[in-house]
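Take a look at the structure below.
The values are calculated or read from the model by the stated rules, or taken from the named source; none is laboratory data. Everything numeric in this text was worked out from a predicted model, so none of it was measured. Because the Cβ atoms are built from the backbone with ideal geometry, glycine has one as well, and the counts that use them run over all protein chains shown.
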Amino acid sequence: MLAPLLIALGAGIILALGLIHLYYTFVGTKFLPRYPALQDAMQKGHLQITRQTTIWRAWVGFNASHGLGAVLFGLVYLHLAVWHAPLLLGSPFLCGLGVVTLLAYLWLGWRYWFSTPFRGIALATLLFMSGVAVARFG
């Protein structure tokens, strides 16, 4: 009973971070550049790969897809932990995929983001990995 709870808590943190990320992407000013001229340049500038989009549209799209990925991870692993714990805990693939994904997010957070998401991901990773360890090693 402890292992699924720990995994569900970790997944729930990632779900919350993903929902917050989506909210900040489309509502408010938290993801806007501090300098309006930069946003203006991003809205006018194109990527080398194509002229079909602007840097600003790519920025919004990348943020949205990143948030959706975190929401998907959170929902899938929360669902598995709560309603299909034997399947999740009996699958080295699913447990390993979750751990590897969280470790990748943790590295990205350390390398490229700021302290708040990094700390949230670190806590989620610790909870998730603890759940997997409890399931595997008792």
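Would you say PHE114 is out of contact with any strand residue (DSSP E or B) (no Cβ under 6 Å at 6 or more places or on another chain), loosely packed, with under 11 Cβ neighbours inside 10 Å and more than 17 Å from PRO4 (Cβ to Cβ)?
Values: out of contact with any strand residue (DSSP E or B) (no Cβ under 6 Å at 6 or more places or on another chain): yes; loosely packed, with under 11 Cβ neighbours inside 10 Å: yes; more than 17 Å from PRO4 (Cβ to Cβ): yes.
Spelling it out, PHE114 is indeed out of contact with any strand residue (DSSP E or B) (no Cβ under 6 Å at 6 or more places or on another chain), loosely packed, with under 11 Cβ neighbours inside 10 Å and more than 17 Å from PRO4 (Cβ to Cβ).
Does the range 117-134 hold any residues that are in contact (Cβ under 8 Å) with a residue 60 or more places away in the chain and either buried (at least 19 other Cβ atoms within 10 Å of the Cβ) or within 12 Å of the chain's Cα centre (by Cα) (or both), and which are they?
Hits for the range 117-134 are PRO117, GLY120, ILE121, ALA124, THR125, LEU127, PHE128, GLY131, VAL132.
Using beta carbons and a limit of 6 Å, which pairs, at least six apart or on different chains, have the first residue in the range 61-85 and assigned to a loop (DSSP other than H, G, I, E, B) and buried (at least 19 other Cβ atoms within 10 Å of the Cβ) and the second one of a type in the set (A, V, I, L, M, F, W, C) and modelled with pLDDT of 95 or more?
Between residues of the range 61-85 that are assigned to a loop (DSSP other than H, G, I, E, B) and buried (at least 19 other Cβ atoms within 10 Å of the Cβ) and residues that are of a type in the set (A, V, I, L, M, F, W, C) and modelled with pLDDT of 95 or more, there is no close pair.
Any idea which of THR25, THR53 is part of a strand (DSSP E or B), at pLDDT 95 or above and over 19 Å from PRO4 (Cβ atoms)? Break it down into steps so the answer makes sense when it comes.
On the way: THR25 fails: part of a strand (DSSP E or B).
That would be THR53, the only listed residue that is part of a strand (DSSP E or B), at pLDDT 95 or above and over 19 Å from PRO4 (Cβ atoms).
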